[in-house]
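S.K.: Next up is a structure, given as structure tokens.
What follows draws every value from the coordinates through simple rules; no lab data is involved. None of these values were measured; they are calculated from a predicted model. In this analysis, Cβ positions are derived from the backbone assuming ideal geometry, glycine residues included, and neighbour counts consider all displayed protein chains.
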Amino acid sequence: MSNNSSIIKLLNLNSISDDRGSLISLEKSKEIPFEVKRIYYLYDLKDNKPRGFHAHKNLEQVMIALHGSCDLILDDGKVRKSIKLDSPNIAVHVTKGLWREMHNFTSDAVILVIASEIYDENDYIRDYKRFLSFAK
Ligand code: T46
């Protein structure tokens with residue numbers, strides 16, 4: 001598995017740094033390519049407890065490791081790629097219909113997720129075979 005595929009879409013972030021530290025701003029219609037309806041974050045994570053293992057029919061998201069790291073795997077049913085989220089400078093746009101898995105969390109990881117939809121369990125495809133039929 002490798003990274004830098006077209007299914008891994010990195011957003012351009014502008015880090016504003018000075019001698020006090022750094023600041024990144026995420027604005028609608030600039031860095032975030034959809035209307036934001038929900039924000040959540042994952043924390044208190046375990047390296048032997050991967051998460052995800054589902055796709056969404058309509059949801060798009062932006063994912064950023066604000067602290068610590070994890071490996072994000074994205075899969076479009078044909079190609080499977082991974083990227084390490086290990087910096088607040090790295091923002092991945094997870095587009096519609098991709099299977100996602102998160103592995104190898106560090107214990108200090110805090111993963112911010114900015115979502116295009118409110119929570120709806122009906123939008124989830126949690127079975128990989130069903131996902132492959134959906135992705136065809
Ligand atoms: C995703 C990855 C990156 C809610 O009640 N509200 C919410 O907004 C979310 C996201 C989840 N939940 C409930 C549903 C489950 O009972 O929280 C529980 C854990 O959710 P889940 O097992 O889906 O968590 P992850 O980490 O596997 O997946 C989550 C998101 O669900 C998913 O959309 O892309 O993070």
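S.K.: How many nm is it between the label spots at S15 and E35, if each spot is 7 Å from the Cα in line with the beta carbon?
M.R.: Placing both labels 7 Å beyond Cα along the Cβ direction yields 3.3 nm.
S.K.: Please report the antiparallel percentage of the DSSP beta bridges confined to segment 3-136, to the nearest 5.
M.R.: On the way: 37 of 38 bridges.
Restricted to segment 3-136, the bridges split so that about 95 percent are antiparallel.
S.K.: Give the residue from L98, I111, N48 lying farthest towards the positive end of the charge dipole for segment 21-136; charges sit on Cβ (+1 for Lys and Arg, -1 for Asp and Glu) and the dipole is referred to the Cα centre.
M.R.: L98
S.K.: What ranking, highest mean first, results for peptides 101-111, 54-64 when packing means the other Cβ atoms within 10 Å averaged over each residue? Please list the in-between numbers first.
M.R.: On the way: 101-111: 17.5, 54-64: 19.5.
The peptides rank, most packed first, as 54-64, 101-111.
S.K.: Here's a follow-up. Go through segment 75-89 residue by residue and turn each phi into a ³J(HN,Hα) via Karplus (6.51, -1.76, 1.60, θ = phi - 60°); whole Hz please, and just put x for glycine and proline.
M.R.: Result, rounded to whole Hz: 9, 9, x, 10, 10, 10, 10, 10, 9, 8, 8, 9, 7, x, 7.
S.K.: Quote the charge dipole size of segment 1-83 about the Cα centre in Debye, to the nearest 20; the model charges only the Cβ of Lys and Arg (+1) and of Asp and Glu (-1).
M.R.: So the dipole magnitude of segment 1-83 works out to roughly 360 debye.
S.K.: Starting from the Cα of K9, draw a straight line to each of the lysines and keep only those under 19 Å, dropping any in the same chain fewer than 8 residues away.
M.R.: Once the sequence-local lysines are set aside, what remains near K9 is K28, K30, K57, K78, K81, K84, K96.
S.K.: Given axes a ≥ b ≥ c from the Cα gyration tensor, I'd like to know whether segment 96-136 is rounded (a/c under 1.5), prolate (a/b larger than b/c) or oblate. Don't skip to the end; give the middle numbers.
M.R.: Values: a/c = 2.76, a/b = 1.53, b/c = 1.81.
Judged from the Cα gyration tensor, segment 96-136 comes out oblate (a/c at least 1.5, b/c at or above a/b).
S.K.: Please list the non-local residues whose amide H lies under 5 Å from the amide H of H67, H modeled 1.01 Å from N, same-chain partners needing a gap of 5 or more.
M.R.: For H67, the qualifying residues are V110.
S.K.: Let me check I have the definition right: for segment 1-90, take the eigenvalues of the Cα gyration tensor, multiply each by 5, take square roots. What are those semi-axes in whole Å, largest first? Don't jump to the answer; show the numbers that get you there.
M.R.: Details: eigenvalues 108, 60, 42 Å².
Ellipsoid half-lengths, sorted descending, are 23, 17, 14 Å.
S.K.: Please report the net charge: other residues with Cβ closer than 15 Å to the Cβ of I83, K and R +1, D and E -1. Mind dumping the intermediate values first?
M.R.: On the way: positive: K9, R80, K81, K84, R100; negative: D71, D75, D76, D86, E101.
Every neighbour counted, the sum reads 0.
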